[in-house]
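These notes are about the structure you will find just below.
Here, each number is a calculation from the coordinates, and none is a lab measurement. On a predicted model such as this, the values are computed, not experimentally measured, just so you know. Positions of Cβ are generated from backbone atoms using ideal geometry, with glycine treated the same way; all protein chains shown enter the neighbour counts.
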Amino acid sequence: MLVLAGPGSGKTAVLSERIFNLTMHHDIPPDKILVLTFSREAAGEMQQRFLSLSGGRTYPVHFGTFHAVFYQILKKEGLYNENSILSHKTKKEYVSLAGRMAGCPAYRDEAWQEETLSRIAARKIGVLPEFSEKSEGELFEKVFSEYSEKCRREKKLDFDDMITECIRLLTQSPGVLKKWQERYEYILVDEFQDIDLRQYEVLKLLAGERANIFAVGDDDQSIYGFRGACPSIMRRFKDEHRSIRIVNLVTNYRCKREIIENAVCLIGHNKERLPKRQEAARAEAGLVDVEIFKSSHEEAEFVTGKLRELMKEAPGTSTGILYRMGRCAEVLEAELKKQGIPYFRAEKTGSFFNEEWVKDVLSYMRFSLYESEGDLLRILNRPDRGLSREAFGIGGKISLGALADYHKGEEERLFAIHRLQKDMEFIRELPVRAGFNYILKGIGYEKELLRAQGGRSETVNELTEEFLERTGGHNDMGEFLKHVEMLCGISQEKGASNKRAEGGKEGQITLQTVHASKGLEYDTVFVIGMREGYFPHKRAETNAETEEERRLFYVAMTRARDRLYICGQKKDDFGKSESRFLHELKDADKRK
């Protein structure tokens, strides 16, 4: 059976009732039932809901994530144990070693390690990483080969390897396959739209010819293509099982009517989807307000103004502020802090400004204004000038003058010191963007950045564009540095963490990415940063990628119960105008 469960349609209740029905009315042994989810939280919620239905009596129904179930199969068959699983720290050590063996100059760089591990994970699930140059792709393949060989030698595996090993075991060992098919005669799958092709393959192996699969999902909410999720699997599942029963949960119990009508209007622009309809259970119209602003600052002032109105007129209601990328919230977060409006941010803030290359650029800016000792130490040989830290001695003054005294008579180094001093005097008079460009081009830091990024010029271009976009509208360098200092301090003051926010918590204002908001709901939702290049993301080039971005916006819209504010922006300094998705909403042609 395939249950098409749109947002707010009660899919958790449906799954729980299905388990209860199987055990209580069809006498199916509970230990023959397997319930697969994508997170431990979802598995726990389902288990609690079933426990409530069964009057508190416990039954041996198996609730688990895909990875947990695959691991249990491998463990029970004696292939792996707890010590076989790679920790993240060990993975970084392995990939650093692999980079060194492959001749990658950035193998020590932590950002490179994290990016490469992400690309390795994508490669394992069949999502081919993109590279700007052929040589970059060839280098990655060498790193991937070295990393994989290291894992094989040490008999280690990560989460993505578990699926591969499980497929190998079940296809090559008929006896083992039969045992697990008899163990789990009834399989229920939550968030079916999020499975990838390898997970689907294991699912079919376990189900066997009985094919007792009860799948619940919504292809319109498939937003994890970057980790292999393939919404077309739902259509394939329907085509492969001709006698399948399809149930459409049409009633949305969450969103008011206007919100649903706009969301349905938007998602109707996607072509590759299963046909379905939605109706709002709540008769009230609700509010959908689309606003276009001249700048991020104007957007932030609007949002904070509306928040103050809500705090006064509807105290205790929950608010979600959603965005495609974290940088879209930085100006708003600064305004919230400035106005003393309490909020919770679901992801860590200030991380961009903590990247090593960004710290270098900021040190150049600070030293040009304040001649701060720590900043001089940081930029001294970035790029390399052949200058010695010994010039400052122990407890001595750290200054360009001290450097000149130490290198007296060394013409080349004295010239480098003189040039650095002149560069600082020049930068001091420049606005932020011009100063940034001079640090890269005039001082030559761009070569340092290019080296740190393994020679990837496209990545360097993206990083520099991101820096300029994050200047927050500041021209004055001193004001910009204060802005950065505040952003970096926000996470420390607020104790921000990567923990999942509690959606809908009374009176709470939550800032989070749309991906992080999946499964949550709020009385009021603001979707900010609706600009081309941001939402949809600039990397969404194919029809399939654009459709996923549209699904992501659909998910954002349907987090709202009562009020939905959508904020776009007119053409900015980088030529980005309001998102095309704003023109796909209900009555878009009537808006100015």
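What to note about this one:
- Angle in degrees between helix 110-124 and the longest Cα principal axis of the chain, rounded to the nearest 10: 30 degrees
- Cα-based Rg / Dmax (Å) for region 88-156: 11.1, 33
- Once you divide the Cα radius of gyration of region 353-490 by 2.2 N^0.38 Å, the number left is 1.07.
- GLU356-MET24 FRET efficiency (beta carbon distance; Förster radius 51 Å; 0.05 resolution): 0.30
- Per residue, the average separation of C-alpha pairs within less than 8 Å and at least 6 apart gives the chain a relative contact order of 18 percent.
- Positive minus negative residues near ALA5 (Lys, Arg vs Asp, Glu; Cβ under 9 Å): 0
- Here, the chain yields an orientationally averaged convex hull projection of 31.4 nm² when only Cα atoms define the hull.
- Distance between the 7 Å Cα→Cβ label points at CYS488 and ASP31: 5.8 nm.
- Note on SER173 and ARG451: the extension gain reaches 95.2 nm, defined as 0.36 nm multiplied by sequence separation minus the Cα-Cα distance.
- Loop GluC sites (Glu not before Pro), region 1-87, which have at most 11 other Cβ atoms in a 10 Å radius of their Cβ (DSSP): none
- Relative to the longest principal axis of the Cα atoms of the chain, helix 174-183 runs at roughly 70 degrees.
- Set LYS306/LYS337; LYS150/LYS447; LYS271/LYS571 screened for pairs whose C-alpha atoms are more than 26 Å apart: LYS150/LYS447; LYS271/LYS571
- For the set LYS178/LYS204; LYS518/LYS586; LYS11/LYS179; LYS538/LYS570; LYS91/LYS204; LYS91/LYS538, the pairs lying more than 19 angstrom apart at their alpha carbons are LYS518/LYS586; LYS11/LYS179; LYS91/LYS204; LYS91/LYS538.
- Applying both filters, DSSP loop and at most 14 other Cβ atoms within 10 Å, to the trypsin sites (Lys or Arg not before Pro) of region 162-244 gives ARG210, ARG242.
- The calculated FRET efficiency for LYS422 paired with GLU141, based on their beta-carbon distance and R0 = 56 Å, is about 0.80.
- Set of aspartates and glutamates with alpha-carbon distance to LYS294 below 12 Å, sequence-local pairs under 8 removed: ASP572, ASP573, GLU578
- Panel note: the C-alpha atoms of region 213-355, placed on their principal axes, show extents of 60, 45, 28 Å (largest first).
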